[in-house]
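Below is one structure, written out as structure tokens; the observations come after it.
The values are calculated or read from the model by the stated rules, or taken from the named source; none is laboratory data. Note that this is a predicted model, so its numbers are computed, not measured. Virtual Cβ from ideal backbone geometry, glycine too; neighbours counted across all protein chains shown. Accessible surface is based on the protein model in full, side chains and every heavy atom, while ligands, DNA and RNA are left aside. Shrake-Rupley method; radii C 1.70, N 1.55, O 1.52, S 1.80 Å.
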Amino acid sequence: MILAGGRATRMAGRDKPLLPLGGRPLLAHILDRLRPQAGALALNANGDPARFAEFRLPVLADSLPDRPGPLAGVLAAMDWAASIGADHVLTVAGDSPCPPADLAARLAAGRGPQGLAIAASAGPQQGGPPRDHPTFGLWPVALRPALARALAADRRRMRDFTQAHQAGLVLWAGDPFANINTPEDLARAEARLAGL
């Protein structure tokens, strides 16, 4: 599930997955990375799903009102995974164009005792603590009731949920999880893509 249900306030409300990067929508780059490592794919996005029609994906809105954050997208992902008979669902951020090609395999190998794993990258300081990226996770559908209860109690922080459920932390070198939040981020991503 590609999580793209946010408000994108720093991009003036524009759909970040539809932003052009190297002449193609950001979402096209993400799908290129995910298709070889995932079965069925879907997109979590609110609003009119027709704007994503060219990608021929199921577009699933948050099941909770008022866009309560990425955990609501994870809940939608778990609901969808359960409906297709999957016991886990892989999530990625809809504003990060280059998820690792080994994301699914490494998260599956690094699951914690409750079956949950999230990605991390090396901290900005050499030898510093890793930085977690909980939107890049492998989520067991069995945690769906616990997640629904957390959201009903207005507990929306991804890190709180992943820590409470003993997520395995899987570390990547560099930062393949860099996301595009601002026009400046998009310009940097264009420069990287062009090899500048």
Only listed residue being in contact (Cβ under 8 Å) with a residue 12 or more places away in the chain, in a loop (DSSP other than H, G, I, E, B) and small (Gly, Ala, Ser), chosen from 142, 178:
178
Of everything in segment 128-154, what is charged (D, E, K, R) and either under 22 Å from residue 81 (Cα atoms) or within 16 Å of the chain's Cα centre (by Cα) (or both)? Give them in sequence order.
131, 132, 144, 149
Do we find a residue being of a type in the set (Gly, Ala, Ser) and under 16 Å from the mean Cα position of the chain (by Cα) anywhere in segment 79-90?
yes
Return only the number of the condition from (1) in contact (Cβ under 8 Å) with a residue 24 or more places away in the chain; (2) among the small types (Gly, Ala, Ser); (3) open to solvent by 20 Å² or more (accessible area, probe 1.4 Å); (4) farther than 28 Å from residue 25 by Cβ that residue 152 does not satisfy.
(1)
Tell me, which helices (runs of 4 or more DSSP H) wholly within segment 1-114 include 1 or more residues that are open to solvent by 40 Å² or more (accessible area, probe 1.4 Å), of a type in the set (A, V, I, L, M) and modelled with pLDDT of 95 or more?
103-109
Checking the conditions here, which among 160, 132 is of a type in the set (Asp, Glu), surrounded by fewer than 18 Cβ atoms within 10 Å (Cβ to Cβ), over 18 Å from residue 33 (Cα atoms) and touching a helix residue (DSSP H, G or I) at 6+ places or on another chain (Cβ under 9 Å)?
160
Please go through (1) within 28 Å of residue 63 (Cα to Cα); (2) in contact with a Pro (Cβ under 8 Å, 6 or more places away or on another chain); (3) open to solvent by 40 Å² or more (accessible area, probe 1.4 Å) for residue 122 and return the number of the only condition it doesn't satisfy.
(1)
For segment 59-78, pairs from a residue that is farther than 16 Å from residue 150 by Cβ to a residue that is part of a helix (DSSP H, G or I), with Cβ under 8 Å and 6 or more apart or across chains, are 59/49; 59/52; 60/76; 60/77; 60/79; 60/80; 61/49; 61/76
Here the residues within segment 172-196 that are among the hydrophobic types (A, V, I, L, M, F, W, C) and either over 17 Å from the mean Cα position of the chain (by Cα) or open to solvent by 90 Å² or more (accessible area, probe 1.4 Å) (or both) are 173, 186, 187, 189, 191, 193, 194, 196
In segment 140-180, how many residues are of a type in the set (Val, Ile, Thr) and out of contact with any strand residue (DSSP E or B) (no Cβ under 6 Å at 6 or more places or on another chain)?
2
